[in-house]
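First comes the structure, then the notes that go with it.
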Amino acid sequence: MNVFGVDIGGSGIKGAPVDVLRGELTQERFKVLTPQPATPDAVADSVRQVVEHFGAPTGPVGATFPGVVVGGTTRTAANVDKGWIGRDAAGLLGERLGAPVTVLNDADAAGLAEMHFGAGRGRLGTVIVLTFGTGIGSAVFTDGKLVANTELGHLELQGHDAETRASTRAKEEEGLKWNHWARRVERYLAHVEMLFSPELFVIGGGVSRKAAKFLPLIEGVSAEIVPAELENNAGIVGAAMAAAAATGAAVPVSAA
């Protein structure tokens, strides 16, 4: 069963059709830069560009959003235009695409994909999936069930919003070497561990492709730490899974 998934990020918007029973992209993903400013209308136009690169949608579409999403409405907008706050994102994108759209938090989507097809597969207890990019997204699972919209990237850490210090964007903007950035990630993970005591951290986002450069440098964290297996495709896969589940299809998506 193929369903289209779109991952809306603070710097890029990417998408592809997904085999939701296997958790795999069926075609190479297509990506465009996130418009600046990232207003709802501008982003919706970019999402349509990504989807129509593969042809007109023939079924439901799943889309991630970098913020809190409740019932298809976006409640926060840390890394996109504030015009998204209180917007019916599902309605806007559905109107623009001419297809039913399911919208969910970007890290929650990545987490669903990793828990069912990737590094968290079969793991019980508390698992936290963290996506490092423009910000830091989080997905918290307890015995495989998602606690949605946790937004742990906005925890205060040493007087700062955590993602302003430990995100990939912070690394790039400050020109941090891998060992210096790893120390920041280490402090962040230790703080999250103190609050939640997870058995496993799954580190996602584009930086997961370079996990060997920084994960071995992280010390003092008791939880197991592994890179995401689906790497930066996890959000696309999770979005498609959510859209398929919204139609009543038998796909492995659960939430608490």
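The values are calculated or read from the model by the stated rules, or taken from the named source; none is laboratory data. Treat the numbers as computed from the prediction; the structure is a model and nothing was measured. Neighbour counts run over all protein chains shown; Cβ positions are idealised from the backbone, glycine included. Protein only, heavy atoms only, side chains kept; ligands, DNA and RNA dropped before computing areas. Shrake-Rupley method; radii C 1.70, N 1.55, O 1.52, S 1.80 Å.
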Listed residue (A244, G62, Q158) projecting farthest to the positive dipole end of the chain, Cβ model:
Q158
With a ≥ b ≥ c taken as the square roots of the eigenvalues of the C-alpha gyration tensor of region 93-172, please select rounded if a/c is under 1.5 and otherwise prolate if a/b is larger than b/c or oblate if it is not?
oblate
Looking at the chain only, what percent of DSSP beta bridges run antiparallel? Nearest 5 please.
60
Kindly write out, for region 214-231 in residue order, the coupling ³J(HN,Hα) from the Karplus curve 6.51 cos²θ - 1.76 cosθ + 1.60 (θ = phi - 60°), rounded to whole Hz, with x marking Gly and Pro.
9, 4, x, 8, 7, 10, x, 10, 6, 5, 5, 10, 9, x, 5, 7, 8, 6
Per residue, how many Å² of accessible area does region 118-256 show with a 1.4 Å probe?
43
Kindly provide the trypsin sites (Lys or Arg not before Pro) of region 1-88 that DSSP labels as loop, not H, G, I, E or B, and whose Cβ sees at most 14 other Cβ atoms within 10 Å.
R22
Hits among lysines - C-alpha to C-alpha of K177 under 18 Å, sequence gap 8 or more where chains match
K210, K213
So if I place +1 on the C-beta of Lys and Arg and -1 on the C-beta of Asp and Glu, and nothing else carries charge, what would the dipole magnitude of the chain be about its Cα centre? I want it in debye, nearest 20.
280
Amide H within-cut-off set for A38, under 5 Å, with H built and near neighbours excluded
D81
Translational diffusion coefficient (Stokes-Einstein; Kirkwood radius from C-alpha pairs) of region 23-141 at 37 °C, 0.692 mPa s, in µm²/s:
216
Sparsely packed GluC sites (Glu not before Pro) within region 206-250, loop by DSSP, other Cβ within 10 Å at most 11:
E219
Could you calculate the FRET efficiency of A212 with A56 from 1/(1 + (r/R0)^6), where r is the beta carbon distance between them and R0 is 41 Å, rounded to 0.05?
0.50
Listed residues V20, V127, V207; largest mean-square fluctuation, Gaussian network over the chain with Cα springs below 10 Å, found at V207
If you take the charge dipole of the chain about its Cα centre, with +1 on Lys and Arg Cβ and -1 on Asp and Glu Cβ, which of L112, G175, P35 is farthest toward its positive end?
G175
Pick from G94, G83, G111 the residue whose mean-square fluctuation is largest in a GNM of the chain, springs joining Cα atoms under 10 Å.
G83
Please report, in debye to the nearest 20, how large the charge dipole of region 176-217 is about its Cα centre when each Lys and Arg carries +1 at its beta carbon and each Asp and Glu carries -1 there.
360
Using the Kirkwood radius over C-alpha pairs as Rh, can you work out the diffusion coefficient of region 45-109 via Stokes-Einstein at 37 °C, viscosity 0.692 mPa s, in µm² per second?
275
Over the Cα atoms of region 107-224, Rg to Rh with Kirkwood Rh, two decimal places?
0.93
From the coordinates shown, Rg/Rh (Cα atoms, Kirkwood Rh) corresponds to which of [x] 0.98; [y] 1.16; [z] 0.95:
[z]
If you average the sequence gap of Cα pairs under 8 Å that are 6 or more apart and divide by the length of the chain, what percent do you get for the contact order?
22
Taking a ≥ b ≥ c as the square roots of the Cα gyration tensor eigenvalues, with a/c under 1.5 meaning rounded and otherwise prolate when a/b beats b/c, else oblate, which class fits region 4-46?
prolate
